[in-house]
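First comes the structure, then the notes that go with it.
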Amino acid sequence: MDVEAARLLATALAIGLAAIGPGIGIGFLVSGALQAIGRNPEAQGTIVTNMFIGIVFAEALAIFGLVIAFLIGFGVL
């Protein structure tokens, strides 16, 4: 395997693995928020606000993975 193929494989693995965790985490987060809203509809505003903050932090991890994938892909790392 040459260096270019290894770099492309590492790029694909970096973004693929970096997207799995936040995807699962966001799924759990939204599921929990919907269950909480179903149990206590009056608290919807607070729950939705906290849900979006959690989504932002989870999505930031995927963006970090994308940046690392770009660095690997362009040969910086």
Among (1) among the hydrophobic types (A, V, I, L, M, F, W, C); (2) open to solvent by 60 Å² or more (accessible area, probe 1.4 Å); (3) free of Cβ contacts under 8 Å to residues at least 60 places away in the same chain, which single condition is M51 missing? (2)
Being open to solvent by 50 Å² or more (accessible area, probe 1.4 Å) and at pLDDT 95 or above is the requirement here; does I68 meet it? no
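The values are calculated or read from the model by the stated rules, or taken from the named source; none is laboratory data. Keep in mind that this is a model prediction, so the values were computed, not measured. Neighbour counts run over all protein chains shown; Cβ positions are idealised from the backbone, glycine included. SASA here: full protein model, heavy atoms, side chains in, ligands and nucleic acids out. Shrake-Rupley method; radii C 1.70, N 1.55, O 1.52, S 1.80 Å.
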